[in-house]
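Computed from the coordinates by the stated procedures, all read-outs in this text should not be read as laboratory data. All of these numbers come straight from a predicted model, not from anything done at the bench.
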Amino acid sequence: GANLFTARAAGDELIGEHDEVNSGQEELYLLLRGSALFVLDGERHEVEAVSVVAVSDVSVRRAAVALEAGATVLAVGAAPGAYRSTWRSAWFDRVPKLR
């Protein structure tokens, strides 16, 4: 699945804190505009557009907050192995992971 989140103001929640233990989903976040603070298992990472945050470990608690109005995040998730395309095998595995 895919979702798009846009902040109206700095401090707005973009990604609510959660893990994917129940769903088993890997998630990929693309910060399209602005800046945001991602928190992965308590580790804080300030990211700027255009940045990619890949979370392949389903147990990692993750959240994101806008650091400025208009910050926009595209979230894409799928079960491990769901993608058998070049994107899944060649691209996702090479995306630098923050954790």
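Quick notes
- Extension gain, Ala9 to Leu37, is 8.7 nm, computed as 0.36 nm per intervening residue step minus the present C-alpha separation.
- Sequentially through the range 45-61, phi angles give Karplus couplings (6.51, -1.76, 1.60; θ = phi - 60°) of 9, 7, 10, 10, 5, 9, 10, 10, 10, 10, 10, 8, 8, 5, 7, 5, 6 Hz, Gly and Pro residues having no value and appearing as x.
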